[in-house]
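K.L.:
The structure's right below; bear with me while I get my questions together.
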Amino acid sequence: MTKELHQYGIRELQTGLRDGQFSAGELTEHFLRRIDTLDASLNCYITVDNEGARAAANNADQCLAAGNADPMTGIPYAHKDIFCTDGIKTSCGSKMLDNFVSPYDATVVEKLKQAGMPILGKTNMDEFAMGSSNESSFYGPVKNPWDTGRVPGGSSGGSAAAVAARLAPIATGSDTGGSIRQPASLTGITGIKPTYGRVSRFGMIAYASSLDQGGVFARDAADCALILNTMAGFDEKDSTSSEQATEDYTANLAQPLQGLRIGLPAQYFDDAVDAGVAASIRSALDQYKALGAELVDIKLPNTKLAIPSYYLIAPAECSANLSRLDGVRYGHRCEDPADLEDMYKRSRAEGFGSEVKRRIMVGTYALSAGYYDAYYLKAQKLRRMIKDDFVAAFADVDVIMGPVSPTTAFKIGEKSDDPVSMYLQDIYTLAINLASCRHRPRYQNQAFPFQIQYHWH
Ligand code: GLN
C-alpha cells in the first residue's frame, strides 16, 4: 500500500516538495479534503480557511519553483484559536469572541506565514484555555480520535486531536499549566511547551500572563524541533520575551544518551498515578537505561503546593485579563441594554461560560483589598518555593522525567461536574509553568508588567 500524504513526517514533506513529488497545492488540498470528510465526527476545527489555505499554497509553490523557499514553505498547519489571525475569526473557544475577527496577526502567526506555511484553519479549545478536557468550549467538545467517547485532553484539545487524526501535520497550542503536554499525551502524539519567553506571546490571547506559553504539536520530537526553529525567538512586542539567542533545536536530536542523568521525582511516582500509566513510564525508562542513561531519584518536595498556588494565580491573572471583555470594544454585546451597567453585566453573563465565570470570581476575590496578602501574595511565595525545588534538582540532573498526567484519556462527561478532579489532571505539568516565569530587567521588581490589583468599592 502506498503511503498517503497525511502519513508523512515533516522531513519527508520537505523532501517531497523540493523534489516535485507533490506540490504545496496538492498537499494542502489533501488535508482540506480530510478535514471535510472526517472533522464532523471529531470537532477539531472551529474555522476552516479553504480559500486562504489554497492561496497561501499557491504562493508557496511559486517560491519553491523560484528556489527562494524557506525550509517550512508549503507545509500546511493549524492554529489553536487563541492566536490572533488577521481576517480569520479568533474565538478563543468562547461565545464572547464568536464574532471577533482580529485586525492583526500574532507574532507566531506572522512568523509561520512569512515562512510560507498555509493555515488550514483554527482549532477548537477549552474556553479561554481553561480546562483539561476540551469540554468547556462554546463550540462543543472535541472527540479523541482513538476513541470518540473519550476526551482528547485540553485546553488545546482541537490541535492535539487534529494532529493525532492527521487532519494537520502540525498545530500550535498554548500551555498555561499543561494545555500542550496533557492533550499531546492523551492523544498519543508529541507536544512541546517551550521555556517561558522562548516563543512570543504577542497576539496570543492572554489567560494568565505570567504562565502562558505558546508551543506546538506534531507527530514526534523531530517534527516539533523543526517547527520550533521557525516559531522561537525574541519579540520586542512581548515584554516577557527572552533575549537569549535561539538554537537549532534539531541539532542534538541524534545525540547519544550515554551518561545522561534523568531525575525521577519521588512525588511524581506515588499512588496518584494509574497503574497502567506508571507501568508505561517505567518501560520507557528501561529503554533510556538500556541506551546508557542514568536514572537518579530526586525530590521536588513542594509539588503538592502547585495546584493550590496555580488555582489562585491563574484565576487572579485571568480576572484581570478578561476584564477587557465588557461588550464595549469588541466581542459579544447583549441586546437592548437598559444602561451601561446593564450592558456590562449582561454582556459578560451571556458571553462567558461557567468555568470562566468560576475563575473570574475566584480571581477577583483573591485580588480584592484585604485578601491580597492572604491569598495572592502567599501563592506567589509558594511559587518561589516551587522554583527553588527545580533549581536544586537541576544542579544534579540533566532532565526530569515522569508522567504527564495521572490517567489516560477519560470519558466525555466523566469529570465535567467535578472541577477539583479535573484540576488534578495537571498535577505534574503545572509546577514548571509556576517555576519558569521571567521578566526583562525593567520589570524585575514588579509582579507583572501591568497593574493587576483590584479593590472593592
Ligand atoms: N488545565 C489547566 C487550567 O485549566 C491548564 C490550562 C492551560 O494550560 N491553558 O488552567
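The numbers here are math on the coordinates, done by the rules we state, and not lab data. Since the structure is predicted, the reported quantities are computational estimates derived from the model, not experimental observations. In this analysis, Cβ positions are derived from the backbone assuming ideal geometry, glycine residues included, and neighbour counts consider all displayed protein chains.
K.L.:
Is segment 153-237 rounded, prolate or oblate when judged by the Cα gyration tensor, a ≥ b ≥ c being the square roots of its eigenvalues, rounded requiring a/c under 1.5 and prolate requiring a/b larger than b/c?
P.N.:
Here segment 153-237 falls in the oblate category.
K.L.:
Also: Compare the peptides 426-435, 329-338, 253-262, 27-36 by average per-residue count of other Cβ atoms within 10 angstrom and give them in order, highest first. Before the final figure, lay out the partial values.
P.N.:
Working: 426-435: 25.2, 329-338: 14.0, 253-262: 11.9, 27-36: 19.8.
Ranking the peptides 426-435, 329-338, 253-262, 27-36 by packing returns 426-435, 27-36, 329-338, 253-262.
K.L.:
Now for a separate question. Can you figure out the FRET efficiency of Arg54 with Asp396, using R₀ = 35 Å and their beta-carbon distance, to the nearest 0.05?
P.N.:
Result of the calculation: an efficiency of 0.10.
K.L.:
Run the simple label-point estimate for Asp271 and Lys381 please: 7 Å along Cα→C-beta, distance reported in nm.
P.N.:
Modelled inter-label distance: 3.1 nm.
K.L.:
In addition: Is the shape of segment 1-112 best called rounded, prolate or oblate, per the rule: a/c under 1.5 gives rounded, else a/b larger than b/c gives prolate, else oblate, with a ≥ b ≥ c the square roots of the Cα gyration tensor eigenvalues?
P.N.:
Note, shape of segment 1-112 comes out oblate.
K.L.:
With the Cα gyration tensor of segment 228-319 giving a ≥ b ≥ c as the square roots of its eigenvalues, does the rule (a/c under 1.5 for rounded; else a/b larger than b/c for prolate; else oblate) give rounded, prolate or oblate? Walk me through the numbers on the way to the answer.
P.N.:
Details: a/c = 2.59, a/b = 1.15, b/c = 2.25.
It is oblate, given that a/c is not under 1.5 and a/b is not larger than b/c.
K.L.:
Please give the Cα centre distance for segment 69-105 versus segment 280-298, rounded to the nearest Å.
P.N.:
Each part's Cα centre sits 39 Å from the other's.
K.L.:
So if R0 is 41 Å, what FRET efficiency would Phe234 and Ala374 give, r being the distance between their Cβ atoms, rounded to the nearest 0.05?
P.N.:
Values: r = 37 Å, r/R0 = 0.91.
Here the calculated transfer efficiency is 0.65.
K.L.:
Tell me, how many Å apart are the Cα centres for segment 170-249 and for segment 132-159?
P.N.:
Cα centres, segment 170-249 to segment 132-159: 20 Å.
K.L.:
Further question: Gap in Å between the Cα centre of segment 306-334 and the Cα centre of segment 15-68?
P.N.:
Between the Cα centres of segment 15-68 and segment 306-334 lies a distance of 36 Å.
K.L.:
Right, another one. Show that you can apply the helix-only estimate: for the chain, add -39,500 (n - 2.57) for every DSSP H stretch of four or more residues, divide by all residues, and state [θ] at 222 nm to the nearest 500.
P.N.:
It comes out at -10500 deg cm²/dmol, rounded to the nearest 500.
K.L.:
Return the long-range amide H neighbours of Cys334 (sequence gap of 5 or more, or a different chain), with a cut-off of under 5 Å between placed amide H atoms.
P.N.:
Ser347
K.L.:
Using 0.36 nm per residue of separation minus the Cα-Cα distance, give me the extension gain between Gln62 and Val328 in nm, one decimal.
P.N.:
91.4 nm
K.L.:
Apply the Karplus parameterisation 6.51 cos²θ - 1.76 cosθ + 1.60, with θ equal to phi minus 60°, to every residue of segment 374-386 and state each ³J(HN,Hα) to the nearest whole Hz, in sequence, with x for glycine and proline.
P.N.:
Going residue by residue, I get 5, 10, 5, 5, 4, 4, 5, 5, 4, 4, 5, 5, 5 Hz, with x marking Gly and Pro.
K.L.:
Also: Tell me, what is the percent relative contact order of segment 1-80, built from C-alpha pairs under 8 Å that lie six or more residues apart?
P.N.:
Details: 50 pairs, mean separation 31.1, N = 80.
This gives 39 percent for segment 1-80.
K.L.:
Using a 10 Å cut-off on Cβ atoms, rank the peptides 154-163, 387-396 from the highest mean neighbour count down.
P.N.:
154-163, 387-396
K.L.:
A follow-up question, please. Estimate the FRET efficiency between Leu295 and Thr2 by the formula 1/(1 + (r/R0)^6), using the beta-carbon distance for r and 45 Å for R0, to the nearest 0.05.
P.N.:
My answer for the efficiency is 0.60.
K.L.:
Order these peptides, 65-73, 355-363, by their mean beta-carbon neighbour count within 10 angstrom, highest first.
P.N.:
Result, highest mean first: 355-363, 65-73.
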